[in-house]
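Data block below; observations after.
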Amino acid sequence: MIKPTLAAFADRLARTGRNTGDLMKFTPNRVKIELLSGLTVALALVPEAVAFAFVAGVHPLVGLYAAFIVGLITAVIGGRAGMISGATGALAVVMVSLVALHGIEYLFATVVLMGILQILSGIFRLGKFIRLVPHPVMLGFVNGLAIVIFMAQLTQFQILDANGDKVWMTGIPLAIMLGLVALTMAIIWLFPKMTSAIPAPLAGIGIVAVIVIAFGIDVPRVGDLASIQGGLPAFHIPMVPLTLETLKIIFPFALILAAIGLIESLLTLNLVGEITGKRGGASQECVAQGVANTVTGFFGGMGGCAMIGQSMINMKSGGRTRLSGISAALFLLAFILFASGLIEQIPLAALVGVMFMVVIGTFAWQSFRIMQRIPMSDALVIVLVTAVTVLSDLAIAVIVGVIVSALTYAWNNATRIHARSEINDDGAKVYRIDGPLFFGSADGFGEIFDPKSDPDLVIVDFLDSRVVDQSALQAIEALALKYEAQGKSLQLRHLSRDCHRLLHRAGQLMVDSNDDPDYGVAVEYSIKTGPMGGGH
């Protein structure tokens, strides 16, 4: 139920973009769509990059340079066309303590090391482990990120008072701000019904900006956050001592940042893949993120990862190829170099309206309905991951979700193991095991047997079971010891090849013969007690 629902959500979001036909044919219309989509993303990137730079405690240009470099490199060599990367809040909240304690140069060194770790993750194909993330966790991730994006926009409703402290807007200023946000959202909703010539988010930003500038409406603008004017990012080797002490300082931060960046990037990769119908690319994305962060660390950037909000803006605006991501990065650089004065006049209300529409489109509203139809454990995982994403961070939320899902799965399988018993023609008792034998079911497995009352020969048939782990080996040896203490024999039957290899490597099999249920041959394997420590 969850997977079709997520696919339906992705399909609905995909339909809000253009009907592009063959997306790989760069017709003039396709190029126009990609460029306009890139421009829309670039406009939305500016306040986010500046805000995240403030969160990390660095100059706004450090965030903007990161958005440009990370966005450009991942757009060129990333694992999924149409994904947008840049400076993100998930990374910024980790960086702030490093900058406060050791300074910005240590941040640059950490970003370089973070990139190297991500490259190694791609080389060793660790990105494939994203497959272990269940769909309830994906839904919780989507919902949690939507809430985080929404909450991040609320800071735009704060202004500085006479003492320089941030306070919430009230009265007329708040009403004007809310009105412009609502106007932007209405334009984005209505514009596609009238024309598809311009992406609706870009139209919303443009129209509201013209109204504000033309009528001189006094509302917060991009320039009120900080000036975005600057030059080209310059090559800069982080000025830190090349000592073991430096490594001890930056490695823990680099490891955490690399993990958070990859988790957010790979989950965004999966979500964009649902929209575009593409699969794979996890290892390539790991390498791309690593190269991007390594480079940005040498060019004065704060590092970054994939951005679900900007990626959804790109999808909604019709961007489906690498051109949209590349153009977004280049437009952002152009803003910094040539158009800072113009971009700084854009009202923040217009950008908030765009992000609110992203929140509405990103949140999986169907999750409220399907939670009444799916197992209670899956519903709890969705809620749990959503809550932890909002209250803590994405990496912890995903890890918690995977652990809870795995424990639930283990518990469900642990309760399924049982056996049917019968006496064969030779007078031996045969236990036919049903269900996997692993750490969760090992105790239940031992309770099935009755060594005191069973005959001298007992056969355990694994035709419908599997021996999975060390706990299973321990349980088998403990059972053999019980029968041995009663002067009786225990044998195993119908071991599949993987089970045979596991037990033979452990030294428990006294007969070295491959037996597989497909062969229809029932080889009786005697048990050698002792290799697993005598059952202790």
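The values are calculated or read from the model by the stated rules, or taken from the named source; none is laboratory data. The model shown is predicted, which means the values in this text are computed figures rather than measured ones. Ideal geometry is used to build each Cβ from the backbone, glycine not excepted, and the neighbour counts take in all protein chains shown. Calculation scope for accessible area: heavy atoms of the full protein, side chains included, ligands and nucleic acids excluded. Shrake-Rupley method; radii C 1.70, N 1.55, O 1.52, S 1.80 Å.
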Using only the Cα atoms of the stretch 397-502, construct the convex hull and provide its projected area averaged over every direction, in square nanometres to one decimal.
7.1 nm²
Which helices count as membrane-span-like in the chain under these terms: full DSSP H, at least 24 Å along the axis by C-alpha, Kyte-Doolittle mean of 0.0 or more?
28-56, 60-77, 104-123, 135-153, 171-194, 244-276, 394-414
Cα-based Rg / Dmax (Å) for the stretch 195-268
21.6, 60
Kirkwood hydrodynamic radius for the stretch 307-396: how many Å is it when counted over pairs of different Cα atoms?
16.2 Å
Quickly work out the residue 186-to-residue 168 label distance, labels modelled 7 Å from Cα along the C-beta direction, and quote it in nm with one decimal.
2.5 nm
For the stretch 145-265 (alpha-carbon point model, no solvent) the Debye-based log₁₀ I(q)/I(0) at q = 0.18, 0.22 Å⁻¹ works out to -1.12, -1.29
Can you work out D for the stretch 252-297 in µm² s⁻¹ from Stokes-Einstein, where Rh is the Kirkwood radius over C-alpha pairs, the temperature is 20 °C and the viscosity is 1.002 mPa s?
191 µm²/s
Full extension from residue 424 to residue 154: what is 0.36 nm times the residue separation minus their Cα-Cα distance, to one decimal in nm?
89.9 nm
Rounded to two decimal places and with Rh computed the Kirkwood way over Cα pairs, what is Rg over Rh for the stretch 373-423?
1.26
Carbon and sulfur: what percent of the stretch 22-166's accessible surface (1.4 Å probe)?
70 percent
Any idea what Rg and Dmax come out to for the chain if you just take the C-alpha atoms, in Å?
29.2, 98
If each Cα of the stretch 328-464 is one equal point scatterer, what is log10 of I(q)/I(0) from the Debye formula at q = 0.10, 0.19, 0.21 Å⁻¹?
-0.65, -1.10, -1.20
